[in-house]
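> Structure incoming, see below.
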Amino acid sequence: MNEAKSISVAKAILVGHLCVTGGVFIVLGITTFVCRAFNLLSYPVAIVVGAIVAWPWWSLTVPKWRRWALGRGADAEGLQKIGLRTGWFGQKAAFLKRQKFRLGSGDLI
């Protein structure tokens, strides 16, 4: 890939945090708001339920973001290193990383 058109690791991580982590907070916030608006659960329980509901968003969008970043020329080792350092995702062999989801196109992620 042409280096001039490659995306930097820092920019890829920033976009990932905005899209993936931002989406997690939106799902968490909406779930908590709905649970409290209808007086279904207390705040602590609503937040836990929101985290459970938000986890599939994170687990589906991180691999999509990684493919997006790599497709634009970001350094794979750099992405993994910074992702580990910031706690955004774990080791490649971690249990949750090994879980696969089938996309509408039939691709496993």
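For (1) surrounded by fewer than 15 Cβ atoms within 10 Å (Cβ to Cβ); (2) farther than 14 Å from Ile13 by Cα; (3) modelled with pLDDT of 90 or more, each residue gets a yes or a no:
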{"site": "Ile47", "(1), (2), (3)": "no, yes, yes"}
{"site": "Ala54", "(1), (2), (3)": "no, yes, yes"}
{"site": "Ser59", "(1), (2), (3)": "no, yes, no"}
{"site": "Arg72", "(1), (2), (3)": "no, no, yes"}
{"site": "Gln80", "(1), (2), (3)": "no, no, no"}
{"site": "Thr86", "(1), (2), (3)": "yes, no, no"}
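> A further question on this structure: Name the residue, out of Val24, Val62, Val20, that is in contact with a Ser or Thr (Cβ under 7 Å, 6 or more places away or on another chain), part of a helix (DSSP H, G or I) and under 15 Å from Phe89 (Cα atoms). Before the answer, list the steps.
Numbers: Val24 fails: in contact with a Ser or Thr (Cβ under 7 Å, 6 or more places away or on another chain); Val62 fails: in contact with a Ser or Thr (Cβ under 7 Å, 6 or more places away or on another chain).
Just a single option satisfies the conditions, and that option is Val20.
> List the pairs whose first member sits in the stretch 18-38 and is without any contact (Cβ under 8 Å) to a residue 24 or more places away in the chain, whose second member is surrounded by fewer than 14 Cβ atoms within 10 Å (Cβ to Cβ), and whose Cβ atoms are under 9 Å apart, counting only residues at least 6 apart or on separate chains?
The qualifying pairs are Thr31/Ile52; Thr32/Tyr43; Val34/Leu40; Cys35/Ser42; Cys35/Tyr43; Cys35/Val45; Arg36/Ser42; Arg36/Tyr43.
> Could you grab me the full set of residues in the stretch 28-43 that are part of a helix (DSSP H, G or I) and either more than 28 Å from Gly83 (Cα to Cα) or of a type in the set (Ser, Thr, Tyr) (or both)?
Kept after step one, since they are part of a helix (DSSP H, G or I), are these residues of the stretch 28-43: 28-37, 43.
Result: Thr31, Thr32, Phe33, Val34, Cys35, Arg36, Ala37, Tyr43.
The values are calculated or read from the model by the stated rules, or taken from the named source; none is laboratory data. No experiment lies behind these values; they were computed from the predicted model shown. Counting neighbours? That spans all protein chains shown, and the Cβs are built from the backbone with ideal geometry, glycine included.
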